[in-house]
Each structure stands twice: as C-alpha cells, then as structure tokens.
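Peer 1: Mind looking over this structure? Questions follow.
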Amino acid sequence: MFSNNQIFTAPLAGITDKPFRRIIRQFAPDVSMVTEMISCHSLVAGHKNCVRNFDTYSDEGNIGAQIFGAEPELMGQAAKILQDAGAKWIDINMGCPVPKVATRAGAGAFLMKNHLLAGRIIEKCVQSVQIPVSVKTRLGWDEDHKDWQDLVRVAAESGAKFVTVHGRTRAQGYSGKSVLPVKPDLPLPIIANGDLQSVEDIEKVQKSGYDGAMIGRAMLGHPWIFGQICGICDVPKNIGDIVLQHLNLMIGYYGAKAAVTMFRKHLAWYSAGMPNSAQFRIMVNQITDEKELVKIIKDFWSVC
C-alpha cells in the first residue's frame with residue numbers, strides 16, 4: 001500500500017477549494033493535496049472576482065497549486081506567485097478536456113497536441129521557482145493519439161519531477177471507463193488517476209507499477225475517504241456536524257449569499273443514498289437564506 005504522501009487529492013474545478021480542503025485535511029493530515037486549477041492570466045492580473053487568486057498555502061501541509069495556460073512567460077510568473085503564497089509544488093494542467101480550456105484557450109489537454117509548447121511551459125515554470133514542478137495529463141487527445149509517454153519524456157527533459165496520468169483520452173471526457181496500462185519504463189514517477197475509489201483500486205495500480213494514486217470524484221460527499229484509505233479513520237458518525245462545518249467554512253470564504261447557492265452541490269453529494277434525499281435536495285435548491293439552510297441540514301441529519 002502507498003504511504004500517505006503518495007495518495008493525492010485530485011484538482012476538481014469548483015470543488016477542491018480551500019474550505020473543502022480544510023475538511024479533507026481533518027481526516028488525512030498527511031495526504032498530498034492539489035488545488036483546483038487556477039488561470040495564469042487571472043492569477044497574474046490579480047482579478048479580484050476570483051477569491052482563490054489570493055489563497056495562501058503555508059497552513060495547508062503538503063499541497064501543490066495547479067495552474068493552466070498556454071503562455072510560458074505568464075505560466076512562469078503564476079508559478080512564482082504560488083510559490084510565494086506557500087505552495088509546496090506547482091502542478092501544470094495538461095489534461096483538462098473542457099472546450100473553453102482545451103480548445104479556445106489552447107491550454108489543458110490541448111498541450112498533448114503541442115509537445116514543443118508543453119516543454120517550453122514546463123521549462124519556464126521550472127526556471128521561475130525553487131520548488132518541484134509536476135504535470136497532470138491524460139492518455140492522449142483521442143484513441144488514435146495515445147502519446148502520453150512521449151509527453152512524459154518531454155516533461156522529464158524540461159525539468160518536471162513527476163507526472164499524473166488520467167486513464168482516459170481528451171475525447172472521452174469523463175465518460176466510459178478509465179483504463180491505465182501497466183506502467184511502462186519511463187524517466188519520471190507516474191501517479192495514477194481515474195475512477196479510483198477504494199483500497200482495492202489503489203492496490204491494483206500499485207501492482208501495475210505506479211508510484212502513487214490520485215482520487216477525484218470518489219471524494220464528493222465523502223471527504224473522509226482519504227483517511228479511510230490511509231487507515232486512520234472510518235466513516236464518521238457525525239456527518240451532519242461535518243456538513244455544517246463545511247457550510248460555515250464556505251460562508252467565511254465566499255460570503256453567505258454566494259456560499260448558500262454554491263453549497264447545494266455538496267449537499268446533494270453528502271445526502272446521496274440516504275432516505276428522503278431526493279426530497280431534501282428539492283428543498284435545498286429553493287433555499288437562499290443561510291439560517292433556513294442550517295435548519296434544514298440539522299433536521300435532515302438530526303443534529304442537536
């Protein structure tokens with residue numbers, strides 16, 4: 001079984017923000033975390049409407065900050081900002097499949113099609129910081145272009161320290177199954193990602209030769225999963241208290257008006273599979289008042 005620092009939280013846009021990371025950290029103090037992806041343009045420009053541009057990481061343990069973009073100079077500047085904010089390493093997104101990133105912005109998964117630019121971006125980030133730089137990518141652009149191993153070699157030549165690979169192509173998006181091959185002989189450690197949900201899944205990728213494992217969607221509604229996998233906690237009995245704590249962290253971070261709406265998705269995940277959860281979600285989606293939301297959460301989870 002991998003050690004705690006070989007288990008990673010995946011960077012999930014709109015989900016793995018600072019409040020959610022604080023909840024996860026309670027159950028897994030030593031797990032390796034990655035922030036949700038941050039635009040190099042927004043970060044360097046200091047856009048005030050994006051609160052994560054101003055996060056500090058010195059109190060977050062072993063955490064990497066993920067950036068995306070297609071301009072080497074801006075990516076290097078962004079990497080330096082995140083290093084100064086306390087990130088322990090910089091992760092470069094070369095796998096995001098959504099059109100606004102992978103096609104219109106020429107970033108994310110698009111860099112799997114342009115290894116020359118990918119190498120220049122990695123080199124610039126490596127030159128700009130004194131902390132490690134990693135890359136997160138996919139198997140390739142589509143079924144006919146599964147050239148991730150070539151990108152790993154480019155990353156190694158450009159100074160990256162490790163690569164995370166998601167077992168789908170860009171064309172697959174998040175559909176179908178994630179299928180990772182047995183790890184080939186490559187010059188960098190490779191972290192496995194995609195549909196990993198249990199100790200058995202982690203043991204499988206370890207037996208396939210991978211150097212670590214990254215868990216993504218399995219954490220939704222189950223922030224304690226990392227503690228379970230690391231063998232340091234079970235499913236907590238006081239889930240309602242955890243939900244309320246998560247909501248309070250969101251309110252403190254985003255403000256009550258935004259947090260109440262944003263928290264609806266988390267409530268859907270926390271309540272999934274529970275009795276009357278469908279009715280609960282319908283009610284939640286109509287609530288805009290903080291106190292009313294707290295009351296319905298307490299009633300649903302029988303919190304005193």
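The values are calculated or read from the model by the stated rules, or taken from the named source; none is laboratory data. Bear in mind the structure is a predicted one, so any value in this text is a computation, not a measurement. For neighbour counting, all protein chains shown are included, and Cβ atoms are generated from backbone atoms with ideal geometry for every residue, glycine included. Side chains are part of the model used for accessible areas, which takes the heavy atoms of the whole protein and leaves out ligands, DNA and RNA. Shrake-Rupley method; radii C 1.70, N 1.55, O 1.52, S 1.80 Å.
Peer 1: Would you say residue 278 is open to solvent by 40 Å² or more (accessible area, probe 1.4 Å), assigned to a helix (DSSP H, G or I) and of a type in the set (Gly, Ala, Ser)?
Peer 2: yes
Peer 1: Of these, 31, 51, which one is closer than 19 Å to residue 216 by Cβ and hydrophobic (A, V, I, L, M, F, W, C)?
Peer 2: 31
Peer 1: Okay, moving on. Do we have residue 268 as outside any loop (DSSP other than H, G, I, E, B), open to solvent by less than 70 Å² (accessible area, probe 1.4 Å) and touching a Gly at 6+ places or on another chain (Cβ under 9 Å) here?
Peer 2: yes
Peer 1: Here's a follow-up. Do the conditions hold for residue 155, that is, is it touching a strand residue (DSSP E or B) at 6+ places or on another chain (Cβ under 7 Å), more than 22 Å from residue 12 (Cα to Cα) and surrounded by 24 or more Cβ atoms within 10 Å (Cβ to Cβ)?
Peer 2: Yes: the conditions hold for residue 155.
Peer 1: Go through segment 169-206 and report how many residues are at positive phi and surrounded by 22 or more Cβ atoms within 10 Å (Cβ to Cβ).
Peer 2: Total satisfying the criteria: 1.
Peer 1: Another question about this same structure. Which residues, taken from segment 236-293, are out of contact with any Asp or Glu (no Cβ under 9 Å at 6 or more places or on another chain), among the basic types (Lys, Arg) and either within 22 Å of residue 16 (Cα to Cα) or at pLDDT 95 or above (or both)?
Peer 2: Residues satisfying the conditions are 264, 265, 281, 291.
Peer 1: Scanning for something of a type outside the set (Gly, Ala, Ser), without any contact (Cβ under 8 Å) to a residue 24 or more places away in the chain and either over 26 Å from residue 235 (Cα atoms) or assigned to a helix (DSSP H, G or I) (or both), does segment 15-24 turn up at least one residue?
Peer 2: no
Peer 1: Here is a follow-up. Being open to solvent by less than 60 Å² (accessible area, probe 1.4 Å), out of contact with any helix residue (DSSP H, G or I) (no Cβ under 8 Å at 6 or more places or on another chain) and not in a helix (DSSP H, G or I) is true for just one of 209, 231. Which residue is that? Working first, answer last.
Peer 2: Working: 231 fails: open to solvent by less than 60 Å² (accessible area, probe 1.4 Å).
That would be 209, the only listed residue that is open to solvent by less than 60 Å² (accessible area, probe 1.4 Å), out of contact with any helix residue (DSSP H, G or I) (no Cβ under 8 Å at 6 or more places or on another chain) and not in a helix (DSSP H, G or I).
Peer 1: Continuing with this model, one more query. Kindly indicate the residue of segment 51-103 that is of a type in the set (Phe, Trp, Tyr) and farther than 30 Å from residue 140 by Cβ and also surrounded by the fewest Cβ atoms within 10 Å (Cβ to Cβ) among those meeting that condition.
Peer 2: This residue is 54.
Peer 1: Considering (1) at positive phi; (2) touching a residue at least 60 places away in the same chain (Cβ under 8 Å), say which one residue 245 fails and leave the rest.
Peer 2: So the condition that residue 245 fails would be (1).
Peer 1: Scan segment 281-301 for residues that are open to solvent by 30 Å² or more (accessible area, probe 1.4 Å) and in a loop (DSSP other than H, G, I, E, B) and report the count.
Peer 2: Count: 4.
Peer 1: Yes or no: segment 161-168 includes at least one residue that is aliphatic (A, V, I, L, M), within 30 Å of residue 206 (Cβ to Cβ) and either in a helix (DSSP H, G or I) or open to solvent by 10 Å² or more (accessible area, probe 1.4 Å) (or both).
Peer 2: Looking for residues that are aliphatic (A, V, I, L, M), within 30 Å of residue 206 (Cβ to Cβ) and either in a helix (DSSP H, G or I) or open to solvent by 10 Å² or more (accessible area, probe 1.4 Å) (or both), one finds none in segment 161-168, hence no.
Peer 1: Right, another one. In segment 212-228, what residues are open to solvent by less than 50 Å² (accessible area, probe 1.4 Å) and assigned to a loop (DSSP other than H, G, I, E, B)? Quick ask: steps written out before the conclusion?
Peer 2: Applying the first criterion (open to solvent by less than 50 Å² (accessible area, probe 1.4 Å)) to segment 212-228 yields 212-216, 218-221, 223-227.
Within segment 212-228, 216, 220, 221, 223, 224 qualify.
Peer 1: Right, here's the next one. Only one of (1) part of a helix (DSSP H, G or I); (2) surrounded by fewer than 20 Cβ atoms within 10 Å (Cβ to Cβ) is not met by residue 143, so which one is it?
Peer 2: That leaves (1) as the condition not met.
Peer 1: Go through segment 12-35 and give me each residue that's within 21 Å of residue 71 (Cα to Cα) and buried (at least 20 other Cβ atoms within 10 Å of the Cβ).
Peer 2: In the first step, residues of segment 12-35 are kept if they are within 21 Å of residue 71 (Cα to Cα); the result is 13, 35.
If the condition is that a residue be within 21 Å of residue 71 (Cα to Cα) and buried (at least 20 other Cβ atoms within 10 Å of the Cβ), then 35 is the only one that fits.
Peer 1: Pull up segment 248-261, narrow it to residues that are in contact (Cβ under 8 Å) with a residue 40 or more places away in the chain and within 20 Å of the chain's Cα centre (by Cα), then point me to the one that is most open to solvent (accessible area, probe 1.4 Å).
Peer 2: Out of the qualifying residues, it is 254.
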